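The next block holds one structure in the form of structure tokens; read it before the comments.
The values are calculated or read from the model by the stated rules, or taken from the named source; none is laboratory data. Given the structure is predicted, the values throughout are model-derived calculations rather than measurements. Cβ placement follows ideal geometry from the backbone for every residue including glycine, while neighbour counts extend to all protein chains displayed. Calculation scope for accessible area: heavy atoms of the full protein, side chains included, ligands and nucleic acids excluded. Shrake-Rupley method; radii C 1.70, N 1.55, O 1.52, S 1.80 Å.
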Protein chains: 2
Amino acid sequence: MKSSLRSIGDTAARFGLKTNVLRHWEDVGLLKPERDGAGRRRYGDDDLVRIAVILRSKAAGMSLEQIAVLLDDDHGPQRHRVLQEHIAELDRRMEEMRRSRAMTLHAFKCEAHDITRCPHFRAMVTDVLDGSGTWRSMEPSQALP
Amino acid sequence: MKSSLRSIGDTAARFGLKTNVLRHWEDVGLLKPERDGAGRRRYGDDDLVRIAVILRSKAAGMSLEQIAVLLDDDHGPQRHRVLQEHIAELDRRMEEMRRSRAMTLHAFKCEAHDITRCPHFRAMVTDVLDGSGTWRSMEPSQALP
DNA sequence: GTGTGAGTTCATGTCGACATGAAGTCAAGT
DNA sequence: ACTTGACTTCATGTCGACATGAACTCACAC
């Protein structure tokens with residue numbers, strides 16, 4: 001098993017990232033690449049896998065902190081609970097996205113002057129409106145880099 | 001159709017939000033509630049619908065800027081394209097989440113010492129690793145408030 | 001042996017989405 | 001009249017996830 005080691009530049013380029021991103025992820029504890037004699041980072045195969053996991057998880061909207069839990073090799077009892085909670089959150093998010101998609105699709109096809117006045121459209125958000133309690137769904141934000 | 005007007009406090013409470021959030025959304029152009037004689041914000045039914053849309057869209061991981069496009073009542077020709085692009089992005093995201101869920105589920109059940117060394121797990125991210133080009137999928141971030 | 005280019009650390013800036021606080025206005029209750 | 005509480009604007013702080021820049025080291029081509 002040849003665990004060929006790559007430089008930070010090569011590794012970053014491979015994923016279309018900038019080198020400072022990899023350093024940042026290391027700062028927050030997501031990566032721990034080896035170092036050569038001169039103190040330079042050398043990325044092995046498992047580092048590549050970890051980077052792939054980070055990218056995939058980020059694409060799913062997870063924070064670096066959450067991803068850290070996923071990558072943490074601590075198999076304590078609370079880890080199971082955290083991962084379970086994690087999957088549940090992904091499911092909640094996907095459900096929200098399905099609803100959001102339906103909403104957007106209608107806004108796309110509807111010819112009403114102001115969408116917010118279309119009865120079909122209003123019907124799609126009534127649960128948010130009338131669920132007289134508090135609308136809870138903590139979520140991320142931010143845009144395209 | 002009685003368009004009962006509510007105060008910012010009532011409106012915020014109804015959605016479990018703080019008042020400054022509604023003011024912020026107004027600052028960035030997502031809301032335009034009426035004002036009473038004394039300059040206080042009065043939220044009507046369409047404002048409530050808009051808030052519901054914002055919450056639902058945020059839960060789907062969209063930025064306020066993106067949501068602004070959705071709520072914009074300009075029916076110009078480019079709007080159609082923007083909405084279409086939007087739906088496509090939601091689909092991409094959902095696909096990523098599906099993969100991410102599968103990944104997490106395996107991490108949940110796998111007993112390997114270090115997950116990144118499990119062959120099944122590695123197989124799940126090979127497309128990210130070997131898709132020799134650049135891994136593109138600009139996405140959001142951030143955590144629970 | 002001297003650039004050149006990639007690497008290093010450390011400090012500070014940016015951006016989105018609010019949070020927090022100061023200072024003042026306003027209507028309603030006692 | 002006076003306090004109380006919800007409202008107003010405007011300024012500044014926070015947090016996550018980087019971006020940017022300064023000052024330096026290192027291996028290698030020429």
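For the stretch A:49-86, the set of residues classified as open to solvent by 10 Å² or more (accessible area, probe 1.4 Å), among the hydrophobic types (A, V, I, L, M, F, W, C) and touching a strand residue (DSSP E or B) at 6+ places or on another chain (Cβ under 9 Å) consists of A:LEU64 only.
When A:TYR43 is tested against (1) more than 10 Å from chain B (Cβ to nearest Cβ); (2) surrounded by fewer than 20 Cβ atoms within 10 Å (Cβ to Cβ); (3) at negative phi, only condition (2) is not met. Do we find a residue being farther than 24 Å from A:ALA102 by Cβ and open to solvent by less than 40 Å² (accessible area, probe 1.4 Å) anywhere in the stretch B:87-105? Yes, some residue in the stretch B:87-105 is farther than 24 Å from A:ALA102 by Cβ and open to solvent by less than 40 Å² (accessible area, probe 1.4 Å). Output the residues belonging to the stretch B:53-103 that are small (Gly, Ala, Ser), in contact with a helix residue (DSSP H, G or I) (Cβ under 7 Å, 6 or more places away or on another chain) and over 23 Å from A:ASP91 (Cβ atoms). The answer is none; no residue qualifies. Residues of the stretch A:46-72 that are under 26 Å from A:LEU5 (Cβ atoms), within 16 Å of DNA strand C (Cβ to nearest atom) and under 9 Å from the mean Cα position of the chain (by Cα): A:LYS58, A:LEU64. Confirm whether B:ARG81 is at pLDDT 80 or above and either within 16 Å of DNA strand C (Cβ to nearest atom) or among the hydroxyl-bearing types (Ser, Thr, Tyr) (or both). Against the criterion (at pLDDT 80 or above and either within 16 Å of DNA strand C (Cβ to nearest atom) or among the hydroxyl-bearing types (Ser, Thr, Tyr) (or both)), B:ARG81 does not qualify.
Among the residues of the stretch A:49-64, those identified as within 7 Å of another protein chain (Cβ to nearest Cβ) and under 16 Å from B:ARG122 (Cα atoms) are A:VAL49, A:ARG50, A:ALA52, A:VAL53, A:LEU55, A:ARG56, A:SER57. If you check A:ILE87, A:ILE67 for being more than 8 Å from every other protein chain (Cβ to nearest Cβ), of a type in the set (Val, Ile, Thr) and in contact with a Ser or Thr (Cβ under 8 Å, 6 or more places away or on another chain), only one passes: A:ILE67. Taking the criterion of being more than 7 Å from every other protein chain (Cβ to nearest Cβ) and assigned to a helix (DSSP H, G or I), the residues of the stretch A:99-112 that qualify are A:ALA102, A:HIS106, A:LYS109.
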